[in-house]
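Shown next, in structure tokens, is the structure this report addresses.
Derivation of every value follows stated rules applied to the coordinates shown; laboratory data play no part. The structure presented is a predicted model; accordingly, all values stated were derived computationally and were not measured. Here the Cβ is made from the backbone with ideal geometry for all residues, glycine too, and neighbour counts use every protein chain on show.
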Amino acid sequence: REASSFARALYALGRPEAAAKWLDIAKADAATVRAAERLWPLAAISEFGPGQSVSLAGLAGWRASLAGLAPEMAARRNGVVLGILAGLGAKVPDSAWLGALPLPAGGPNPALFALMQGAALDARLGGTVLAALAAMGDTPLDKLDPMTLSEVVSALAVVGLAEDGRALAMEALLANGI
């Protein structure tokens with residue numbers, strides 16, 4: 001259990017190489033495999049590059065680690081993880097989104113998304129950041145809808161702030177108990 005805790009802390013500190021070593025230790029012990037699987041999203045955002053496909057085996061193991069959570073909490077975590085991965089440029093297969101369908105209604109503001117996307121596509125850094133901040137508002141990361149997280153992370157990458165988007169993604173995952 002300690003190995004997975006060390007790995008989670010190192011991911012949070014932005015030290016994915018050191019975290020991966022502790023994660024390997026946790027995966028090697030049958031008693032801590034489930035705890036290691038819970039860290040798959042943190043490892044995924046640290047390891048993959050844009051255009052790479054999401055590991056369905058890693059996703060399946062992570063989803064299995066959610067057993068025992070209330071269905072709406074599991075759906076939220078699933079939506080947050082997939083939205084962030086998609087926002088960072090990962091190829092998320094349609095079948096992976098099925099677990100996020102039970103997310104509650106409400107959430108994203110289409111006008112702010114349009115402003116943010118337009119600014120990002122026009123390479124307007126200030127406008128993109130301003131629209132991203134407006135889209136997120138003062139909503140805590142553990143309450144912010146997954147689509148907004150995905151769109152903000154994606155827009156930041158488009159205007160050259162990919163590492164800032166990745167840092168926001170890590171904070172969002174941690175805030176959501178992932």
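Things to note:
- Peptide packing: for 34-46, 62-74, 117-129, the average count of neighbouring Cβ atoms within 10 Å per residue gives the ranking 34-46, 117-129, 62-74, highest mean first.
- For the chain, the relative contact order comes to 22 percent (Cα pairs under 8 Å, sequence separation of at least 6).
- Degrees between helix 71-87 axis and first principal axis of the chain (Cα, 0 to 90, nearest 10): 60 degrees
- Where the alpha-carbon atoms of region 1-147 are placed on the principal axes, they occupy 48, 32, 28 Å, in descending order.
- A helix-only calculation puts the chain at -19500 deg cm²/dmol for mean residue ellipticity at 222 nm, using -39500 (n - 2.57) for each DSSP H run of at least four residues, averaged over all residues.
- Helix 125-136 and the longest principal axis of the Cα set of the chain meet at an angle near 70°.
- Gyration tensor (Cα) of region 1-77, equivalent ellipsoid semi-axes in angstrom: 19, 17, 12
- Cα long-axis angle, helix 2-12 against the chain (0 to 90 degrees, to the nearest 10): 20 degrees
- Arg34 paired with Ala67, simple spin-label distance in nm, labels 7 Å along Cα-to-beta-carbon: 0.7 nm
- Relative packing of peptides 142-155, 163-176 - highest average C-beta neighbours within 10 Å first: 142-155, 163-176
- Cα-based radius of gyration of region 33-103 once divided by 2.2 N^0.38 Å, which approximates compact folds: 1.02
- Burial order of peptide ranges 54-60, 77-83, 8-14 (average beta-carbon count within 10 Å, highest first): 77-83, 8-14, 54-60
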